[in-house]
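J.: Below you will find the structure I want to go over with you.
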Amino acid sequence: QVQLVESGGGLVQPGGSRRLSCAASGSIFSINAMGWYRQAPGKQRELVATITSGGITNYADSVKGRFTISRDNAKKTVYLQMNSLKPDDTAVYYCNADVVRRSSYGGRGSLNNYWGQGTQVTVSS
């Protein structure tokens, strides 16, 4: 099995910064795209940022210029650096990844999409 474990959420003041981490573990052959999504109370889950295995990034307009997504392929970890945080950034943040699973023979298995459990980010004074 494959798991995505998130960390780094918490309370931060407006204008402050926070870094989220999401580490993938399990029977992994490789990881393709990874991303961050968020869901505020009473709202739909929305894309925050994505990053391909080659480092190509995509951001929601609402976070462009403030957030930075990055990844460490050796650690199988994706990060979200959040700067200049606003109260509207308050949400549960979810990690997502397209994972090629390792087969029982140690080679390439199937491609599957996984979600982390979510981590709460609250921006408030």
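J.: From the list 47, 111, exactly one residue is modelled with pLDDT of 95 or more, closer than 27 Å to residue 1 by Cβ and either surrounded by 15 or more Cβ atoms within 10 Å (Cβ to Cβ) or more than 13 Å from the chain's Cα centre (by Cα) (or both). Which is it?
T.: 111
J.: If you take the residues in region 50-87 that are over 15 Å from the mean Cα position of the chain (by Cα) and polar (S, T, N, Q), which one is farthest from residue 8 (Cα to Cα)?
T.: 62
J.: Just to be sure I understand, how many residues within region 75-108 are open to solvent by 10 Å² or more (accessible area, probe 1.4 Å) and either touching a Leu at 6+ places or on another chain (Cβ under 6 Å) or of a type in the set (Asp, Glu) (or both)?
T.: Total meeting the criteria: 2.
The values are calculated or read from the model by the stated rules, or taken from the named source; none is laboratory data. All values derive from a computational prediction rather than experimental measurement. So basically every Cβ, Gly included, is an ideal-geometry build from the backbone, and we count neighbours across all protein chains shown. These area figures cover heavy atoms from the full protein model, side chains too; ligands, DNA and RNA do not enter into them. Shrake-Rupley method; radii C 1.70, N 1.55, O 1.52, S 1.80 Å.
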